[in-house]
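Presented below is the structure to which this report refers.
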Amino acid sequence: MITPPATALVTGASSGIGRETAVRLAKAGYTVMAVARRMARLDELAAQHPQIEPWPVDLSQPAAVAQFCEMIAARAEPVGVLVNNAGYSTRGVVEDVALEDIRRLFEVNFFALIRLTQACLPGMRRMRQGTIVNVSSIVGQFPFPGSGVYAASKYAVEGITDALRIELAPLGIRVVAIRPGAIATEFSEVATRMTGDVLARTPGDYKPFYQQARAAMDEIFAARQAAGPELIAELIIEAVTAKEPQAAYTAGPLSGEFIGRRKELDDDGFLAFMLERFKLI
Ligand SMILES: NC(=O)c1ccc[n+]([C@@H]2O[C@H](COP(=O)([O-])OP(=O)(O)OC[C@H]3O[C@@H](n4cnc5c(N)ncnc54)[C@H](OP(=O)(O)O)[C@@H]3O)[C@@H](O)[C@H]2O)c1
């Protein structure tokens, strides 16, 4: 474990899980490089917590990410804790999501995560220590109906996280996946905005699927207590400060039922469970 004062970098620090994590790391004594697009939000955080540095970067733009990574490499103080948290979802059956929207989503959720990891690793290797926390999702283990593109990006995050954990263990660098369930942040609002009016553009064949999946999801949510981003930020702090962190942490509404079933059932059994749970056949 890398102790303060050390530098931590948190992406998606302007809101939700990333914001709560940046504040907790700053309070623990880390210098926190806070990355997001909304500069006013980052400035407000920095005004409240002098150990937080605002870094406005649009992670969907490879050139901006590359420029930011050059700055990381040139910095005297290496990044000891990297929290790859920035991400968003777009909804829709696979046929309804434009390829350019899928590419953009992967730039933020996946390629920026790899690029930032590559930029921070030389410093971590020199120190022979460091922690990389990748915020995945329960949908990194299975897709909800109509969230295939987002789930694919989190499957990709899971794959690279598993690979990094093996590659970096001999060098003393810890790599942890965080799998939140449904957490009350701006996430759902952003997903609705990024999706647009999918029902208006979908072919008639899919309309019953969307309506059924929505109704089932509403029913599932109505039966559960909401959880806030603090729950996940605490897990991230646990991953950063534990002597021996777990490979992955899962928490939040929906995680128990769906991850539980995913572990218990084989692929065919899980498909049958999902089709029945969402009343799709
Ligand atoms: N909330 C959930 O139910 C849930 C469940 C599972 C997993 N997750 C994962 O948890 C992570 C955090 O999500 P959240 O729930 O805290 O959502 P959120 O409140 O919407 O926060 C998302 C953060 O990502 C940043 N971001 C988005 N696009 C960006 C871009 N192009 N460049 C730079 N930063 C960007 C946003 O900052 P700006 O808009 O200022 O750029 C914001 O700070 C995500 O990876 C998400 O997939 C969330």
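A short reminder: the numbers here are calculations on the coordinates, not readings from a lab. Bear in mind that the values here come from a model prediction, so they are computed numbers and not experimental data. Please note: Cβ atoms are built from the backbone with ideal geometry, for glycine as well, and neighbour counts cover all protein chains shown.
A few points about this structure:
- For segment 1-40 and segment 186-254, distance of Cα centres in Å: 23
- In terms of its Cα atoms, segment 122-186 spans 43, 23, 14 Å along the principal axes, sorted from long to short.
- Computed FRET value (nearest 0.05) for Arg214 with Asp101, which takes r as the C-beta separation and R₀ as 22 Å: 0.65
- Kirkwood-type hydrodynamic radius, segment 143-281: 17.3 Å, calculated from all non-identical alpha-carbon pairs.
- The charge dipole of the chain, taken about the Cα centre with unit charges on the Cβ atoms of Lys, Arg (+1) and Asp, Glu (-1), comes to about 520 debye, rounded to the nearest 20.
- Top of Gly29, Gly159, Gly269 by mean-square fluctuation, Gaussian network on the chain, Cα under 10 Å: Gly269
- Here the ratio of the Cα radius of gyration of segment 2-52 to 2.2 N^0.38 Å is 0.99.
- Geometric extent, Cα atoms of segment 64-179 - Rg, Dmax (angstrom): 15.2, 47
- Tail weight of P(r) past 15 Å, computed on alpha-carbon pairs of segment 217-281, percent: 64
- Prolate is the label for the chain, because a/c, from the alpha-carbon gyration tensor with a ≥ b ≥ c as root eigenvalues, is 1.5 or above and a/b exceeds b/c.
- Close amide H partners of Leu82, meaning residues 5 or more places away or on another chain with modelled amide H under 5 Å apart, are Leu9, Thr131, Ile132, Val133.
- D_trans [Stokes-Einstein, Kirkwood Rh over alpha-carbon pairs] for segment 83-145, 37 °C, 0.692 mPa s, µm² s⁻¹: 241
- Spatially proximal aspartates and glutamates relative to Lys207 (Cα-Cα < 13 Å; intrachain offsets below 8 disregarded): Glu95, Asp96, Asp197
- Between the residues Ser136, Leu275, Ala151, the greatest Cα displacement towards the positive end of the dipole of segment 120-279, with unit charges on the Cβ of Lys, Arg, Asp and Glu, is found for Ser136.
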